Every structure is written in C-alpha cells, then in structure tokens.
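For reference, the structure discussed in these notes is given below.
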Amino acid sequence: MFGDLWRSNSSRSADFDWFRQVMDEFFPQATSDIRSVPRGTFPMINMGRTDEAVLVYVFAPGLTSDELDVSVQDNVLTLHGRRSPVAEEGEGQQRAYYRQERFSGEFSRSVTLPDGVDTERAEARATNGLVEIHLPKREEMKPRRVEIKTA
Amino acid sequence: MNDVTKRETNREVATQQEQRRTLLPAVDIYEQDDALHVIADMPGVTQESLHIEVDQNVLSIEGDIKIDMPSGVSASYAEIRGDQYARRFTLSHEIDADSIQAEIRDGVLRLVLPKRETHRRRRIEVKAA
C-alpha cells in the first residue's frame, strides 16, 4: 500500500536503512530538521501530496477521536494526546508481563508542513487506527498548465 | 515500441510484489491465571485483512495495511514503509489453540490465548498448624 511512499526514499533495503540510522547516530554531522524526531516516535507519520492537497497519515492505533488532538498553527501540524495503557480487565488478577513494547502515556509531536497549505479547510478522519489529515493546497500553489499559443 | 513499454510495466509489478515490506507490530504480552494476552498495534489493518493462524504450535499474526489513498499521491515523507505487519510466536503446550479469541478495533489487535483447564494456576491453601 505504501509502496510508492517507501520507493521515494533513497535507501532500498531495510537493512541499509538500519545501517544508515546507526551511522547517523554515531556521526551526526549531517544536518537534520529541527523538528525531526528519532525513528519510532509515537505516533508515526507518513506524508504525501497530490496536485490538490497535502495528506498526512497518522498511525494512531487504539486512539479515539477525543484522545487525539490535531491542530495546525502557521505551517506546523501538532498531534497531541494520550494513550492509556491496556484496560484493567480482570481486576484483581495477577498480571505478569513478558513484553511491553506498545507506547502508552502522553505524546506530542509536531511536523512542518510544506508551504501553501490552506489550514482553514483541513479535515481529518480516522479509520482502523489510522488518521488521515487532508490539507488542501492554496489555489496559487496548485500546478498550472501553461497554454502554448501558436504564432 | 508499445510492446517494450508494456513489458517494462510488467516487470515493475513483479519486483513490487517481491518487495512487499513486512513490519513488526509492537506487542504487549502478559499472562493471567487462565490465559495469555497478546495486544498488537496494527494501524490500517481491517478485520478482513487480518489473518491469524496456529500451525504446529506457532501462532502467526498477519495483516495487510489498507489505506484509502487518492490516486496520484506522491510521497514526501514516510516513517511507516511497508504494506503488511507480521509476527510469529511459539506457543507452549498448555495453550488451548482451539479456543483462541481475536478482536481488532481501531488498529489494535487483542488476542486471548486460554490455558487448558489442567494447566491453570491453582491456589494452595495454607493451613494454620
């Protein structure tokens, strides 16, 4: 599904990506965006664009719409919320954990959006733990076809 | 000329299928008196695209990420680079594989793996002397 998304990235294999990540950590001479976060920060985000809009996909499993707060200010999209730990069903029973990899607690993450997004008309909708934020481009930022006139 | 282009696209499709990218979902696993619980984060997986199987004591969880993307989307940034989640666990013999229950809601899978009756934890009364 995200075939197109990962293909746009330069590295082709996951192993190489891991390697690059390690290299980045040990040799941090490469400049990175001031708002970039380490890989795996919850919630994970994918971004794409069409001629009409910028699309942000937020991977927010288990979050209801009132647990995730999406806001835009200037060109910065902020995702803020809280994911509660596993519901305490079977109260009183002993619970021994073997793995606890899932994120829980408060989170807040910001991403810079490309210029020319009409934040007034932004819309978000959640399905299966995935939130799609649709940010239409401003009219002047849309690609325009230039007519070639015959002499 | 046209023929060549067609062949090119076919090859493109073939390599794309080989390169299906599998992601490891984050899981929580805990045990209670009567069952083991597995909770997995699988955003974008629907009830239809989820496959859970127990084969020879191996539990496999697989789910395709289904996203309704408009046509003509080009990527600008991607942290999730994959089209499916998959993870396997070996089960011990006390799990009753026939009565495993699964439920997926808002991209979170919950599995209950009940223990066989004979393997449940028993409380031992401590009698006063």
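Just so it is clear, none of the values below were taken in a lab; they were calculated from the coordinates. If you're wondering where the values come from, they're calculated on a predicted model, not measured in any experiment. As a convention, Cβ positions derive from the backbone with ideal geometry for all residues, glycine included, and neighbour counts pool all protein chains shown.
Taking amide H atoms as placed 1.01 Å from N in the peptide plane, the amide H of B:Met42 lies under 5 Å from those of B:Val108, B:Leu109, each 5 or more residues away in sequence or on another chain. Using R0 = 45 Å, the C-beta based FRET efficiency linking B:Thr46 and B:Glu125 works out to 0.40. Relative contact order, whole percent, for chain B stands at 28, derived from Cα pairs under 8 Å and 6 or more residues apart.
Peptide B:77-89 is shielded by partner chain Cβ atoms: per residue, an average of 6 of them sit within 10 Å of its Cβ.
Please give the average number of partner chain Cβ atoms lying within 10 Å of the Cβ of each residue in B:21-33, rounded to a whole number.
What the average comes to for B:21-33 is 5.
Spacing of the modelled spin labels on B:Asp96 and A:Asp51, each 7 Å from Cα toward Cβ, amounts to 6.0 nm.
With a 10 Å cut-off around each Cβ of B:101-108, the average count of Cβ atoms from other chains is 5. How tilted is helix B:2-18 with respect to the longest principal axis of chain B? Cα atoms for both, answer in degrees (0 to 90, nearest 10). Once rounded, the angle reads 20 degrees.
Taking Lys and Arg as +1 and Asp and Glu as -1, the other residues whose beta-carbon sits under 12 Å from that of B:Asp68 total +1.
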